[in-house]
Amino acid sequence: MHLADGVLSTPVILATYGVAITSMALVAKEFKDEEIPKISLMAGTFFAVSLISIPVPPTSVHPLLCGLIGIILGKRAPWAFFPALLLQALLFRHGGITALGANTIMLSIPAYLSYLIYHKLPLNRVAIKGGIVGGLSVLMTVAILIILLALTDSRFAQGGFSIVQIVLVGHLPIMAAEAIVTAFAIKFLESYKKSWVAS
């Protein structure tokens, strides 16, 4: 799912960096000291799980946890994704420096939308809400990836086996897995650590 260096066009790179930095700057004004450990833990969790590569021929995918991180951090999610993505790019060449802004917003927007959806869904069963959000977050992330690729070059979506189609199909198993993981995680948090769910 990580976009690598050399994939995006210069205008897309500049625009995504601008959005990522602006969103982080706006949120930074509202930080509380007690939130830093939670944000750091989510950054470490994302860093670890997104390095797990799952082969889905002809490509590979990895867990995202956008929905879960979004429900926990809300609009503070970019502060978990940005440092994790930066370290992955520097240490493992997973993603890239020029694509850092794009990768950050590609994860942060679905995370924040997941937070909103979770709190707006008119359901009493938190596990069901968590499962819905977990699955939708993957779909939203893939949608943003497709938009970024289309803005760079329309040829990414052309042909019977276009990159867009491969990415979409390859993430179906991740969507199901994240729905299950998010459902169980949110049920646990709502029962035993409710303060960790962003309000």
Just need a number here: residues in the range 97-114 that are surrounded by fewer than 24 Cβ atoms within 10 Å (Cβ to Cβ), among the hydroxyl-bearing types (Ser, Thr, Tyr) and within 13 Å of Pro83 (Cα to Cα). 0
Quick one: which helices (runs of 4 or more DSSP H) sit completely within the range 18-104 and have at least 2 residues that are of a type outside the set (Gly, Ala, Ser) and modelled with pLDDT under 95? 36-49, 78-92
Every residue in the range 146-163 that is outside any loop (DSSP other than H, G, I, E, B) and either surrounded by fewer than 17 Cβ atoms within 10 Å (Cβ to Cβ) or modelled with pLDDT under 90 (or both), please. Ile146, Ile147, Leu149, Ala150, Leu151, Thr152, Ser154, Arg155, Phe156, Ala157, Ile163
Is it the case that Ile54 is in contact (Cβ under 8 Å) with a residue 40 or more places away in the chain and either farther than 24 Å from Val19 by Cβ or of a type in the set (D, E, K, R) (or both)? yes
Checked pairs for the range 30-44, first closer than 19 Å to Gly67 by Cβ, second modelled with pLDDT of 85 or more and small (Gly, Ala, Ser), C-beta under 8 Å and 6 or more apart or across chains, list as Ile39/Ala80; Met42/Ala77; Met42/Ala80; Ala43/Ala80; Ala43/Ala84; Gly44/Ala84
Cβ pairs under 8 Å, 6+ apart or interchain, first in the range 117-145 and under 30 Å from Ile13 (Cα atoms) and surrounded by 22 or more Cβ atoms within 10 Å (Cβ to Cβ), second modelled with pLDDT of 95 or more and among the aromatic types (Phe, Trp, Tyr), ordered by first then second residue, are Val133/Tyr118
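The values are calculated or read from the model by the stated rules, or taken from the named source; none is laboratory data. Only a predicted model underlies this, so the values are computations on that prediction, with no experimental measurement involved. Glycine gets a Cβ as well: all are built from the backbone with ideal geometry, and neighbour counts include every protein chain shown.
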